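Please read the structure below before turning to the comments.
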């Protein structure tokens, strides 16, 4: 009997301490700011659970943004950025409670988004109720933009359907005798992966390019022999994979085992992973992939980001880190332009400014439509030799797109 | 109507896939035969062996097949220890049910440790001959798939000979058929069961290596495998290695061929349709497996 009682008293003591700390935090965030007060940015992230890997990546991006900005003297003439990060355990109920707490009781000055559509939608709703600006790093599915949010901005170049826009433009502009005539699509049954492939499919079909195979496979598929056989038998000029990682790699290898040589091969996600070349060696030749972020992209702030991020974390940033950082850049641009960062009327000024302006970021210039959907497209990279290079759009390219692609 | 070439290619792919399924399922049916143990962790051990093969190749630079020199004895030993230390201590009355729980826990432990040791990054062995293939009457046969099939054939044949021709095999089969009777004629059933369990886990070492040759692996991959493998051993008749092999070939072929008209999503359901059909029509399994009649 003694031990449970003792445990209870410990729990009481602990919660009392937490309560006091929370109140203390609340006081600091209250009214009457001087120019030295930090700007507190509230964030809930999936640091444990399903999305913990990307969640931690985004966290590093936010931390890099706060550090780099503070090292340069902060925002609004000297106010430092202070991040207040909570763990939502990848849980949609938890994320709502987190933002309620951040905005309502902690009185943070700004909020930015968590990772992935499943968490972005409920948390954007909370931010909307409080009239807060909500810039988010990772809610790219269509359902984010058809909820009628007026305060949401997706801080990346494009939603899934628009990833291949540059490639579609390039292919449709080719002379008729060079244009690919037939295409095979294989996409994972997943809104993001399918979105990328079907976005391209829609545009190519509208341009008169025929679809000869259209396969959808469940996420747990591990054997791609039969899908590859179907594609190889149809002998299309081009193959497009709406893939995540293992499915893309397995499908590429299965196609190669069947000796199928397309003129063009485009796969989402997998080819941009650092693990890709380690997995299939020199069999990467000519594979295309859309990417939202490249360490080599020539945008002005990117060089600084890669350098300082590498110094801070001992590794180069990937897409998740870049998305977090971009979110910070977007918010900072709005804060500097509107000249304020606090709850209340200021938030509407920030929202209005972002609706009307373009922001320079590490992923290029971003602007948004009324639903918060970014207006850009992803860069297209191609494996050339043993390296992946940006080939589209023309203003960011490091190499010419090779078409028809060399044999793999 | 699919072309003849596609049909032939799919049959080749289906048979190769079925052979791999047979190897992966062999251990599972042995455990059940010997001990009435439902071994949820079998596919986790497969992935563990696959990771060891990948590690051998990427760290030591030698062919992943050579990792079996270490993993097969290692897994055999682990199997014996697992059976003697954990599973044989379960109460016979609740053995089947409790074995599900305990091996589920083991599967979670292996998955967690793999994630801890090798991170969640998805890996693939980069082989010089990974995409090599040759022509067989117009169809392509991938070398790695053929090696996996070869490994399956050799190990299943060896297993069959071991069961039929050696004294240990007789003892093991006697233990499977009737434990009390086996004990009456002087067989040390406890010891035999331990070795039998080790044998099952040794097949997992070979199966995992075969799997690693042509698959991208990650710690939670085993959950995708355990369902189809369980379906195979039920259709084959629980406890029958030959039955499991026949069921594996048939289901692999069916999956591959059904994919042409139905697509990948529906083709996968063939395992579960076969499972339900077996349980409804012929619960003792379609191939051999008199054993399951008693349950």
Measure nothing fancy, just the Cα-based angle from helix B:189-213's long axis to the longest principal axis of chain B, in degrees from 0 to 90, nearest 10. 10 degrees
For chain B, modelled as a Gaussian network with Cα springs under 10 Å, which listed residue fluctuates most, B:130, B:77, B:237? B:130
Rounded to the nearest 5, the percent of DSSP beta bridges in the protein assembly as shown running antiparallel is 35 percent
Along each principal axis of its Cα atoms, how long is the range B:192-260 end to end? Whole angstroms, biggest number first, please. 45, 30, 18
Subtract the Cα-Cα distance of residue A:312 and residue A:177 from 0.36 nm times their separation in residues, and report this length gain in nm to one decimal. 43.5 nm
Using 0.36 nm per residue, how much length does the chain from residue A:76 to residue A:97 gain when fully extended, once their Cα-Cα distance is taken away? 4.6 nm
Where the centre of each part is set by its Cα atoms, how far does the range B:84-132 sit from the range A:180-242, in angstrom? 34 Å
How long are the semi-axes of the ellipsoid equivalent to the range A:59-127, from square roots of 5 times the Cα gyration tensor eigenvalues, in whole Å, largest first? 25, 14, 9
Which number do you get for Rg(Cα) / (2.2 N^0.38 Å) in the range A:325-408? 1.53
Using Cα centres only, tell me the gap between the range A:332-408 and the range B:1-53 in whole Å. 46 Å
Using only the alpha-carbon atoms, how far is helix B:222-236 inclined from the longest principal axis of chain B? Give it as 0 to 90 degrees, nearest 10. 70 degrees
Compute the angle between helix B:68-85 and the longest alpha-carbon principal axis of chain B, please, reported from 0 to 90 degrees and rounded to the nearest 10. 30 degrees
Can you put A:387, A:369, A:190 in order, fewest other beta carbons within 10 Å first? A:369, A:387, A:190
State the dimensionless ratio Rg/Rh of the protein assembly as shown (Rg: radius of gyration of Cα atoms; Rh: Kirkwood radius). 1.03
Average beta-carbon neighbours from other chains, 10 Å sphere, peptide A:272-279: 3
Please check: in the Gaussian network model of chain A (C-alpha springs, under 10 Å), which one of A:123, A:226, A:105 has the largest mean-square fluctuation. A:226
So what does the Cα-only Debye profile of the range A:263-308 read at q = 0.15, 0.16, 0.18, 0.33 Å⁻¹, as log10 I(q)/I(0), no solvent term? -0.50, -0.56, -0.67, -1.18
Given points 7 Å out from each Cα along the Cα-Cβ axis, report the residue A:48 to residue A:337 separation in nanometres with one decimal. 4.0 nm
The correct pair for the range A:79-172, radius of gyration to one decimal and Dmax as a whole number, both in Å and from Cα atoms, is 15.2, 54
Footprinting proxy, A:359, A:212: sorted fewest to most Cβ within 10 Å, the residues are A:212, A:359
To two decimal places, what compactness ratio does chain B give when its Cα radius of gyration is scaled by 2.2 N^0.38 Å? 0.99
Can you tell me the alpha carbon radius of gyration of the range B:18-147 divided by the globular rule-of-thumb value 2.2 N^0.38 Å? 1.25
Give me the percent of Cα-Cα pairs in the range A:54-94 that sit more than 17 Å apart, rounded to a whole number. 42 percent
Ordered by fewest other Cβ atoms within 10 Å, a rough proxy for footprinting exposure, A:166, B:42, B:224 read B:224, A:166, B:42
So which residue, out of A:347, A:256, A:381, gets the largest mean-square fluctuation from a GNM of chain A using Cα contacts under 10 Å as springs? A:256
If you bin every alpha carbon distance in chain A into 10 Å steps from zero, what whole percent lands in each bin? 5, 21, 29, 22, 14, 7, 2, 0, 0
Rounded to the nearest 500 deg cm²/dmol, what is the calculated helix-only ellipticity per residue at 222 nm for the protein assembly as shown, with -39500 (n - 2.57) per DSSP H run of length n ≥ 4? -17500 deg cm²/dmol
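Values in this text are rule-based calculations from the coordinates and carry no lab data. Remember, it's a predicted structure, so these values are computed and weren't measured experimentally. For neighbour counting, all protein chains shown are included, and Cβ atoms are generated from backbone atoms with ideal geometry for every residue, glycine included.
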